[in-house]
């Protein structure tokens, strides 16, 4: 297939050429005229399974030929003579053992990193060991690095990397994957030295970014019938630029650096690299423009000399569209519009970006047109239903059960699921239980609350027992072995999934996502013996990290011509339209991951890869993708947090075009922007909401027969301030839904404190010796312990009562000198004759003096209403006094009220009397009757926010009233209801 030559054989294809297709065309062309079996004897090694599939598909499309032997780089171990080489060490076992070593390090040096970073550190150390083995760097090299002028952190990290020796030495029965792969390549090269293969051996598509691969490429290029085919080679780059790539510290981020390193090792020049085929890129002028734009920083002065020699700039940029969107949402919607157009026109279109959040936003935007893109990356397993389910179950071991944790699992689609699991009944019970939790708590559900719920309802047999078994008391303190943790997790997950009626595991392990999750769990079970002991939190973090590393591709019917690719897929496939999205610094190229073990200078000393390697690979991907027939370059000018910076490659292209006005560079750039702006305008128009009239301020007028016939004393201020709330509650019968997570709020504090003082005053009335500050504090502590499960809230509330205990007792002694406590939490009611209406109320405390007059007290845990507020709105105590004189409280009859007082239970304690002299009960009763009578008039509406105290007042029914579409300056609009 190849003519004999003295030099190593190196071929390449330019950017923009469909590499797999050109590879196949070149193989067929070179085997023309040879016997049919000649092509079958050729061995073609590619670097990805996707490339292998694409090449095979192209051969299958015809003409009919004997196919070459296609294999992957990772298949070498299966064919090479390994001379007793041990098997590869399972990656999970390796990770678990490394995590234990790092855990010991963190225990010894807590300042090195947070405990939560344990598994991230083990991953990064594993990656470093892989890199050392792939590049042939020993731990002795790391130990001998000069860190004398660096911080103590690098010295500690350098010393710790020495554990790699112990780690490798302890495995006599296995080798690390990278070390084994390198040894396989070394063995293969050694065989080739003594008996080189005479058939063609071709390695295609690799850039040689890893040391082991580079070593193999060099060996194949030197074989008698060996050849290496490079993708995306820059044939337009001048020789002096190639020679300037010698220093990796300043050149490794250049897209062609790896090719230069390969040529240097093979003692070749760029002129020795031959085109594999005569295929030309779609736009050679664009390749030249991009090549010049991406020159290394030290030689960008070549723009001044070489820029004026560029030709056909308008032709190079005529199919490039530049979209500079104001936000990521706008960018995603604009991309989705273009993909929709491509689907209508029958174009194949590919979105290429490393930003997975952006791809999800684009997919969501395409969903409105029922377009499901073919996403090559799939979905992270941790975000799939089984992944989320397993992570939620693991959290049960870490935290006391809360309502949100419980309901998250009860409502999960995999919970209580199966062909006969009564899923519908389970969801009905879950809904009822949620309402119960919202109304009555408790804040931390337990076995008692489960049992109480089941006593008054007809439930699925065994449902309450299932709740108790699977969810109650799952918190596990201390450390357990990983084997115990994974056993508990699997048992709990399968028990929750199967439900109360079935054994097994429900549908948890069904479908692709479930099968992938089961594989992760099974792998963890097989290697758990190497995980040691850990806490529940560490186990949950480990599980989350393992799930995050897996992806599942489970598409039902993707739209075949609309694809989402990562940069790796883009190397081996082509499309009519290529959209390079997220072209911002930090996204493309991605920001370099921090290395906790070696900094950039130490890496260079050791001969390891610099962080710029990833940037260089991304630059090469960009250089290849931007050479497509039609290209979109998109970016968002601003992220959710701040302004963004355009990608360095886009910046270079724009700066170069701006600097070539005489050759049409500026005009071409403006045309690119104009094309993008057209699509941005369309996406903006798509988002413009349809015009709608704002709601008017409501004042519904329901029939008199439908209006309430009873209100409590506490609702009268609401009727004055916000009548619409009374209408919504009593006419529409809508009640606010309590928050799911019960908090130690003012309402609960009021309930608990009222109970404390009720019991305290009642008991001290019968036994005056109990009227001491110490007794009040002791009772408060006991009540808080029983009713408030939040330790911080208990401490704060107890401290508040302790601060007022002495002053309250002193005031209580004065109060008892005037009257004796008689009733507590006394309920009563009285009708407003001749109206068919009743006022109800509950007095916190009623004292009776020697003359039989009543003294009414109301406790306030906050600030009591002022005298002015009581006269205008907060008439609760005044109305209670009026009710008492009307005989509302049965035990006291129509007695005279001597005084009514608010007692503010906060430091300093306040007593605010009701203005009975200026607002006597008879007057209050007449005004109350007049107020209620007004709402018996069919013309009187229930206006929203009629006289609120403050503009920032938030009513329970403001959303229903559509407050915000109107304000307090708008007149209410009456509406008659039937």
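The values are calculated or read from the model by the stated rules, or taken from the named source; none is laboratory data. Please read all numbers here as calculations on a predicted model, not as lab measurements. Cβ atoms come from the backbone with ideal geometry, glycine included; neighbour counts cover every protein chain shown.
Only helices (runs of 4 or more DSSP H) whose full extent lies in region 1-112 are considered here, and the ones with at least 1 residues that are at negative phi and within 43 Å of the chain's Cα centre (by Cα) are 19-31, 49-60, 76-79, 91-108. Residue under question is residue 582, and the condition is that it be free of Cβ contacts under 8 Å to residues at least 60 places away in the same chain, in the same structural domain as residue 672 (by TED's automatic domain parsing) and on the phi > 0 side of the Ramachandran plot; does it hold? It is false that residue 582 is free of Cβ contacts under 8 Å to residues at least 60 places away in the same chain, in the same structural domain as residue 672 (by TED's automatic domain parsing) and on the phi > 0 side of the Ramachandran plot.
Restricting 525, 494 to residues that are at pLDDT 90 or above, surrounded by fewer than 21 Cβ atoms within 10 Å (Cβ to Cβ) and under 22 Å from residue 416 (Cα atoms) narrows the list to 494. Within this structure, residue 879 passes the test of being within 26 Å of residue 702 (Cβ to Cβ), touching a helix residue (DSSP H, G or I) at 6+ places or on another chain (Cβ under 7 Å) and not in a strand (DSSP E or B). The set of residues in region 686-706 being within 27 Å of residue 967 (Cβ to Cβ) and either out of contact with any strand residue (DSSP E or B) (no Cβ under 8 Å at 6 or more places or on another chain) or free of Cβ contacts under 8 Å to residues at least 60 places away in the same chain (or both) consists of 687, 688, 689, 690, 691, 692, 693, 694, 695, 702. Within the option set 810, 818, 805, being in contact with a helix residue (DSSP H, G or I) (Cβ under 8 Å, 6 or more places away or on another chain) and either closer than 30 Å to residue 778 by Cβ or free of Cβ contacts under 8 Å to residues at least 24 places away in the same chain (or both) holds for one residue only, 805. Only one entry in 415, 456, 430 is out of contact with any helix residue (DSSP H, G or I) (no Cβ under 6 Å at 6 or more places or on another chain) and either in the same structural domain as residue 517 (by TED's automatic domain parsing) or over 30 Å from residue 575 (Cβ atoms) (or both), namely 456.
Quick grid of which residues meet (1) in the same structural domain as residue 853 (by TED's automatic domain parsing); (2) buried (at least 18 other Cβ atoms within 10 Å of the Cβ); (3) free of Cβ contacts under 8 Å to residues at least 24 places away in the same chain:
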position	(1), (2), (3)
888	yes, yes, no
892	yes, yes, no
909	yes, no, no
950	no, no, yes
954	no, no, yes
957	no, yes, no
964	no, no, yes
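Within region 717-733, the residues that satisfy the criterion of being in a helix (DSSP H, G or I), closer than 13 Å to residue 946 by Cβ and in contact (Cβ under 8 Å) with a residue 12 or more places away in the chain are 717, 719, 720, 721, 723, 724, 725, 726, 727.
Scanning region 718-755 for residues that are under 23 Å from residue 968 (Cα atoms), surrounded by 19 or more Cβ atoms within 10 Å (Cβ to Cβ) and in contact with a helix residue (DSSP H, G or I) (Cβ under 9 Å, 6 or more places away or on another chain) yields 719, 725, 726. Residues that are outside any helix (DSSP H, G or I) and at pLDDT below 90 were ranked within region 782-822; the one that is nearest to residue 894 (Cα to Cα) is 788.
Checking region 475-484 against the condition returns a match, with at least one residue being part of a helix (DSSP H, G or I) and either in contact with a strand residue (DSSP E or B) (Cβ under 8 Å, 6 or more places away or on another chain) or more than 28 Å from residue 383 (Cα to Cα) (or both). Looking across region 528-547 at every residue that is over 21 Å from the mean Cα position of the chain (by Cα) and part of a helix (DSSP H, G or I), the one that is modelled with the lowest pLDDT is identified as 530. Looking at region 299-318, is at least one residue assigned by TED's automatic domain parsing to the domain that holds residue 582 and under 26 Å from the mean Cα position of the chain (by Cα)? So far as region 299-318 goes, no, none of its residues is assigned by TED's automatic domain parsing to the domain that holds residue 582 and under 26 Å from the mean Cα position of the chain (by Cα). The residue that is surrounded by the fewest Cβ atoms within 10 Å (Cβ to Cβ), counting only those in region 597-640 that are within 28 Å of the chain's Cα centre (by Cα) and part of a loop (DSSP other than H, G, I, E, B), is 640.
Listed here are the residues, each with its yes/no results for (1) modelled with pLDDT under 95; (2) part of a loop (DSSP other than H, G, I, E, B); (3) under 30 Å from residue 797 (Cα atoms).
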{"position": "911", "(1), (2), (3)": "yes, no, yes"}
{"position": "917", "(1), (2), (3)": "yes, yes, no"}
{"position": "927", "(1), (2), (3)": "yes, no, no"}
{"position": "932", "(1), (2), (3)": "yes, no, no"}
{"position": "950", "(1), (2), (3)": "yes, yes, yes"}
{"position": "955", "(1), (2), (3)": "yes, yes, yes"}
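All but one of (1) assigned by TED's automatic domain parsing to the domain that holds residue 834; (2) under 29 Å from residue 724 (Cβ atoms); (3) assigned to a strand (DSSP E or B) hold for residue 974; which doesn't? Exception for residue 974: condition (1).
Listed here are the residues, each with its yes/no results for (1) within 24 Å of residue 935 (Cβ to Cβ); (2) touching a strand residue (DSSP E or B) at 6+ places or on another chain (Cβ under 7 Å); (3) buried (at least 16 other Cβ atoms within 10 Å of the Cβ).
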site	(1), (2), (3)
798	no, no, yes
801	no, no, yes
808	no, no, yes
824	no, yes, yes
836	yes, no, no
844	no, yes, yes
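Just one residue in the set 427, 467, 459 is at pLDDT 90 or above and either over 28 Å from the mean Cα position of the chain (by Cα) or closer than 25 Å to residue 546 by Cα (or both); that residue is 467.
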